[in-house]
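In what follows, a single structure is set out as structure tokens and then discussed.
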Amino acid sequence: RAVGALHAEVRVRSLMNVDVEQDVIEWADAVLLGAPVHYGNAAAALLSWVEEGWAPFWQDERLDGKLGGAFATAGGMAQGLEHALTSLHRTLESFRVQIVAGSPTSSSFGSYGAVAVTAPPFA
């Protein structure tokens, strides 16, 4: 079902505009992390943001049971999309966020989340 059908409010934020405690810990019921894939991994800027911004909340019980997921873009199918998605899942799971992913047999997403294949940046 679409988010609108659930009467949910969605906030889309760039890394530089997120207050982790206010936007992630207190406000959000679910968190989606998305990043481009660089050299087979999620972009370092996103991983750095989690390491620095989320670290103070490592043991914060407000993260328990929160839902999460991931999405990624890459220059090709063999550029590390699934590796990046599972890395983002492990990152969220480290904070006790429960991962929600589409069914590989009944959705247009892969087993790990939504992906987009774009042209390589040097094309």
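Points worth noting:
- Criterion: within 14 Å of the chain's Cα centre (by Cα) and open to solvent by 90 Å² or more (accessible area, probe 1.4 Å) - qualifying residue of Glu52, Glu26, Glu61, Glu82: Glu82
- Restricting attention to region 36-48, the residues that are buried (at least 18 other Cβ atoms within 10 Å of the Cβ) and more than 10 Å from Leu81 (Cα to Cα) add up to 2.
- Selection within region 65-79 - closer than 29 Å to Glu26 by Cα and surrounded by fewer than 17 Cβ atoms within 10 Å (Cβ to Cβ): Gly65, Leu67
- Contact map, region 1-14: first residue modelled with pLDDT under 55, second residue open to solvent by 100 Å² or more (accessible area, probe 1.4 Å) and part of a loop (DSSP other than H, G, I, E, B), Cβ cut-off under 9 Å, separation 6 or more or different chains; pairs are Val3/Glu9.
- Meets criteria (surrounded by fewer than 17 Cβ atoms within 10 Å (Cβ to Cβ), of a type outside the set (Ser, Thr, Tyr) and either at pLDDT below 80 or closer than 15 Å to Leu33 by Cβ (or both)) for His89: no
For (1) under 21 Å from Ala119 (Cα atoms); (2) in a strand (DSSP E or B), each residue gets a yes or a no:
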site: Val24; (1), (2): no, no
site: Val37; (1), (2): yes, yes
site: Glu51; (1), (2): no, no
site: Trp54; (1), (2): no, no
site: Arg62; (1), (2): no, no
site: Gly68; (1), (2): no, yes
site: Leu85; (1), (2): yes, no
site: Ala101; (1), (2): no, no
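The values are calculated or read from the model by the stated rules, or taken from the named source; none is laboratory data. Everything quoted here is computed from the prediction, not taken from an experiment. Neighbour counts run over all protein chains shown; Cβ positions are idealised from the backbone, glycine included. Protein only, heavy atoms only, side chains kept; ligands, DNA and RNA dropped before computing areas. Shrake-Rupley method; radii C 1.70, N 1.55, O 1.52, S 1.80 Å.
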